[in-house]
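Below is one structure; the comments refer to it alone.
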Amino acid sequence: MTTEDVLTLEEAADLLKVSIYILGREARAGRIPGRRVGGRWRFLRKKLAAWMEDEPEFIDPRRVKYQKRGEL
């Protein structure tokens with residue numbers, strides 16, 4: 001592993017094209033692989049790549065048809 005394999009919060013957010021706030025929130029919730037080192041977030045490039053490949057597609061809740069209670 002090289003230093004290029006370890007990303008800061010800012011670098012990982014740039015890689016994923018999201019804000020640092022969203023990335024921090026998702027990492028704290030355990031939905032994106034990362035860990036705190038010395039109080040700062042660090043991410044492994046290969047873990048983020050694997051997560052991107054394995055994560056199911058986002059489902060837009062506005063497009064989901066809901067069933068009424070008791071309807072199956």
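Observations on the structure shown:
- Residues that are of a type in the set (Lys, Arg) and surrounded by 13 or more Cβ atoms within 10 Å (Cβ to Cβ) within the range 1-18 are absent altogether.
- Residue 35 being modelled with pLDDT of 85 or more, under 19 Å from residue 1 (Cβ atoms) and touching a Leu at 6+ places or on another chain (Cβ under 7 Å): no
- The range 41-53 residues that are at negative phi, paired with ones that are in a helix (DSSP H, G or I) and surrounded by 16 or more Cβ atoms within 10 Å (Cβ to Cβ) (beta carbon under 7 Å, 6 or more apart): 41/9; 41/24; 41/27; 43/12; 48/12; 48/16
- Residues located in the range 19-37, provided they are surrounded by 15 or more Cβ atoms within 10 Å (Cβ to Cβ), hydrophobic (A, V, I, L, M, F, W, C) and not in a helix (DSSP H, G or I): 32
- Candidate set from the range 1-12 (those that are part of a helix (DSSP H, G or I) and at pLDDT 95 or above); member that is nearest to the chain's Cα centre (by Cα): 12
- Identity of the residue in the range 1-18, in contact with a helix residue (DSSP H, G or I) (Cβ under 7 Å, 6 or more places away or on another chain) and among the acidic types (Asp, Glu), that ends up nearest to residue 44 (Cα to Cα): 5
The values are calculated or read from the model by the stated rules, or taken from the named source; none is laboratory data. Bear in mind that the values here come from a model prediction, so they are computed numbers and not experimental data. Heads up, the Cβs are rebuilt from the backbone with ideal geometry, glycines too, and the neighbour counts pull from every protein chain shown.
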